[in-house]
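In what follows, a structure is listed as structure tokens, so that the remarks can point back to it.
The values are calculated or read from the model by the stated rules, or taken from the named source; none is laboratory data. These figures come from a predicted structure and were not determined experimentally. Virtual Cβ from ideal backbone geometry, glycine too; neighbours counted across all protein chains shown. Only protein heavy atoms, including side chains, enter the accessible area calculation; ligands, DNA and RNA are left aside. Shrake-Rupley method; radii C 1.70, N 1.55, O 1.52, S 1.80 Å.
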Amino acid sequence: MSTEPPPVTQTFKKFEQQHILPIPEDARTGTHWSLGAIWVSLNMMPLTVVTGAVASGAYGLPIGWSIVAILSGNIIGAFGAALHASQGPHLGIPQMLQARAQFGYLGASIFALIALIMFMGLFTSILIVAKDSLLAVFPEFNGTVAILIFAAIGIVLCIFGYDLLSKTMTWLSIVIGLAVALSMVLFWAAPDVPLVRAEAAFSFEGFFSMLAIGIVWQLAYAPYVSDYTRYLPKDTGPKAAFWGTYIGLVGSSVFVMTLGVLLGAANPDNPLAALGEYLGPIGLVVLVVFAVSSALINGVELYSAVMNALTVMQSNFKMIITSGTRVWTTVVVGVLATLLAILGQGDFITMFESFLTLLLYVLIPWSAINLADYFVIRKGDYSVGDLFDPEGERYGKWNVIGLVSYAIGLVAQLPFMVNPLFTGPLATLIGGIDIAWIVGFVVTAIAFLLLVRLWARRESEVVTQR
């Protein structure tokens, strides 16, 4: 069946036209530098700082061990995200749409819906932290008004699509990188900072919890890395997509989270406020830069939320997706996420920590199945046109093997989960150390590969009997 985009209407001719459809070779304007700039700039925001502050602030780890946990978690998690990213130039389609090959045409919409909720949650979280950054400088400013202004900026950027987002990210990565570097140098030089939280001590629970947060921070990118690497020319190859994504994500994440570690040690209750407390006017300028940049960066989170919303709509309602559809979907999803941000301005750190760990548990089985299918089973051999077939003749409407494997992976994690909402019995026995992500990935991958092999053997026996 044809995967060409529908005719472009005059009203939306300036906006991105491909939406969830494959990106044709002549429209692939991405480069190594633009890809790296996207991943670097995505981490240059106060939400990354707050995440790093969890290590020294919430878990009470010493500065050195906090950085080790963050570095280890990001190195591990980014490897998976980069493997997903390497699929983009080859297939040219959004990451979660490709899940139709593993879960079926309709089955994949379940995971697109999960990803939609995840990206809306990230959009909401970034709005709240951006608002907090601004209020740390201008405490009299109305927080709800700040959220509305920042949300409007992100929605407008998302409406125009990839090209404007890419150009914005390139400039942001430079400006914010300089602001973070200056802050870190001044913080290390501040005489009081090395002495703060002198009572901090290493704990296995805190270390492995932060390690898991570093992993989920990177895996949270996995459902949309191909949304951007699909704009790389096909002959650029998977290696460029892999290393551009891996280096960009790890380098920027660890860099910004390290600043968060210092801030968390200085002020566990309000890490961002420590910028103003210790750096004076320079810190206040950095906070304003963070606030504005977050509004711009949020366009990327909303863009990926919209890609998943469109996938769900096309899968379940057989809609013809046009640029007009994408624009109105952007507005609706953006408004809903903004309302969540306005309602969720309370105990943000606790809520965000729970959100991150829950994300890890639902993403791990999907990641294991996608990587096993792409690199082990099919070795990248997919029929892109058939992924858009609503009858699911090649990949099915519901892929039982993928869905059962995912369920097995979720259940396998339950005894090892560590979350403010629930702690598994086996996690309690090992001192609250979170290894659910290891168990979930390994069990899911093994279950998927075994079920695929058993199904292939059964099919072979049926053919032989005929």
So what is the calculated 222 nm ellipticity per residue for the chain, using -39500 (n - 2.57) for each DSSP H run with n of 4 or more, over all residues, to the nearest 500 deg cm²/dmol?
-23000 deg cm²/dmol
Segment E391-L106, length gained on full extension (0.36 nm per residue, minus Cα span):
101.6 nm
Rounded to the nearest 10 degrees, the helix 436-465 long axis (Cα) sits at an angle to the longest Cα principal axis of the chain of 0
Using each residue's phi in the range 302-309, evaluate 6.51 cos²θ - 1.76 cosθ + 1.60 at θ = phi - 60° and report the 3J(HN,Hα) Karplus result to the nearest Hz, with x for Gly and Pro.
5, 4, 6, 4, 5, 4, 6, 4
Förster-model FRET efficiency, 25 Å R0, V288 and W188, C-beta, rounded to 0.05:
0.65
With each label point set 7 Å from Cα along the Cα-Cβ vector, what nm distance links I438 and V384?
3.9
Under the Karplus curve 6.51 cos²θ - 1.76 cosθ + 1.60, θ = phi - 60°, whole-Hz ³J(HN,Hα) for the range 48-62, x wherever Gly or Pro sits
5, 4, 4, 5, x, 5, 4, 4, 8, x, 6, 8, x, 6, x
Among 267-278, 200-211, 413-424, how do they line up from the highest to the lowest mean number of other beta-carbon atoms within 10 Å?
267-278, 200-211, 413-424
Take the solvent-accessible surface of the protein heavy atoms, probe 1.4 Å, and return the percent of it on the chain that carbon and sulfur atoms account for.
70
Förster radius 30 Å - calculated FRET efficiency between T29 and K239 (Cβ-Cβ, nearest 0.05)
0.90
Å² per residue, accessible surface of the chain at 1.4 Å:
40
Using only the alpha-carbon atoms, how far is helix 143-160 inclined from the longest principal axis of the chain? Give it as 0 to 90 degrees, nearest 10.
40
Relative contact order %, the chain, counting alpha carbon pairs below 8 Å whose residues are six or more apart
31
Starting at the first residue of the range 212-220, write each ³J(HN,Hα) from the Karplus equation 6.51 cos²θ - 1.76 cosθ + 1.60 with θ = phi - 60°, in whole Hz, x for Gly and Pro.
5, 5, x, 5, 5, 4, 6, 5, 5
Take each of the peptides 133-141, 71-79, average the number of other beta-carbon atoms within 10 Å over its residues, and list them starting from the highest.
71-79, 133-141
What's the lysine pair count for the chain at a Cα cut-off below 22 Å, pairs eight or more apart or interchain?
7
Compute the FRET efficiency between V335 and F138 as 1/(1 + (r/R0)^6), taking r as their Cβ-Cβ distance and R0 = 22 Å, and round to the nearest 0.05.
0.30
For a quick protection proxy, order the peptides 445-455, 106-116 by their average other-Cβ count within 10 Å, most packed first.
106-116, 445-455
So the angle from the long Cα axis of helix 323-343 to the longest Cα principal axis of the chain, reported in degrees to the nearest 10, equals 40
With all protein chains present and a 1.4 Å probe, the order of T322, T51 from largest accessible area down is T322, T51
